[in-house]
Amino acid sequence: MLLAPCLTTYGHSGRVVLARPWLIGVKGVISAQQASKHLYGDQIGDTPRTFYTPSGSLLARPKENHSKFREGHIVQYEEALVAPTFDPVEGHMFTLVDTVSSTIYYFRAHRPPTVCLFTGKEGGQGRFILCSGECSGSELRRETVLRMPSFISTHMNTCDWVALGGET
C-alpha cells in the first residue's frame, strides 16, 4: 500500500503505445523532450517517447550511426532554435508533433497549416502536403510538404475532392 503512488507513477511513465492519432502543430520550436512532457507527462527513466525525424523536412538531420534504424539528430532542434522565428521568404517556424509515429518535424510556413493531405508514396515515405484554409475562396493553400511514414495515411479520413489555391 505504501508503494502505490510510486507504482502508479511508474506505470504511467513508459512509452505510450495506444495513443489517438493526432498531428499537433506549434508555432515556434519545441524539443522532443518538451513535446513528450506536454503530451504524456513526466516519466521515470530515459526512454524517449518522441523522436526527431531523420528525413521528413528540409531541417531534418539523420544521426551518423551504424544502427539498423534511421534516427533523427538533435542538431535539427538546435538549428531550428537559433534560426530566426520569421523569414520574409519562407515564413514562420513551426513544429509538428505526430503522435502516430511519435516524431517531431520542423518546417517553415507563412500561415499556420490546418489541413494535412496525403498525396502518395515516394521513396518509402508518404508525401503529405500541409495546407492553410482560405475561407474567402473556399480553397486550401499549400504551405509546405513533409515526408512522413506512409502508414499515417491509414489513420486519416478520405475525401472525394479538394480545391487547392494558387499563390502561397
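The values are calculated or read from the model by the stated rules, or taken from the named source; none is laboratory data. Owing to the predicted nature of the structure, the values given are computational and were not obtained by experimental measurement. Because the Cβ atoms are built from the backbone with ideal geometry, glycine has one as well, and the counts that use them run over all protein chains shown. Heads up: the accessible areas ignore ligands, DNA and RNA and are worked out on the full protein's heavy atoms, side chains in. Shrake-Rupley method; radii C 1.70, N 1.55, O 1.52, S 1.80 Å.
Per the helix-only calculation at 222 nm, which mean residue ellipticity applies to the chain, given -39500 (n - 2.57) for every DSSP H run of n ≥ 4 and division by its residues, nearest 500 deg cm²/dmol?
Value at 222 nm, helices only: -4000 deg cm²/dmol.
Suppose all protein chains stay in the model; what accessible area per residue would a 1.4 Å probe give for the chain, in Å²?
65
SER55 to GLN34: extension gain in nm, 0.36 nm per residue of separation minus the Cα-Cα distance?
Additional length available on full extension: 5.5 nm.
When the chain is treated as a GNM, springs tying every alpha-carbon pair under 10 Å, which of THR154, THR50, THR119 comes out with the largest mean-square fluctuation?
THR154
About its Cα centre, how strong a charge dipole does the range 14-168 have in debye, to the nearest 20, once Lys and Arg get +1 and Asp and Glu get -1 at the Cβ?
That gives a dipole near 400 debye.
Would you mind calculating the relative contact order of the range 31-145 from Cα pairs under 8 angstrom and at least 6 residues apart, reporting the percent as a whole number?
Taking the mean separation of contacting Cα pairs over the length of the range 31-145, I get 17 percent.
Testing the spin-label approximation: label points 7 Å from Cα along Cα→Cβ at MET156 and LYS68. State their distance in nm.
3.0
Accessible area of the range 60-168 with a 1.4 Å probe: how many percent of it is carbon plus sulfur?
Of all accessible area on the range 60-168, carbon and sulfur atoms account for 53 percent.
Determine, for each peptide in 53-66, 76-89, the mean count of other beta carbons within 10 angstrom over its residues, then list the peptides with the highest first.
The peptides rank, most packed first, as 53-66, 76-89.
If I stretch the segment between VAL75 and GLU134 completely, what's the gain in nm (0.36 nm per residue apart, minus their alpha carbon distance), one decimal?
17.8 nm
Rank VAL97, THR114, CYS135 by how far each Cα sits towards the positive end of the charge dipole of the chain (+1 on Lys, Arg Cβ; -1 on Asp, Glu Cβ) and give me just the farthest.
Going by the charge dipole, the pick is VAL97.
Taking the Cα centre of the range 74-148 as origin and charging only Cβ (+1 Lys, Arg; -1 Asp, Glu), how large is the dipole, in debye to the nearest 20?
240
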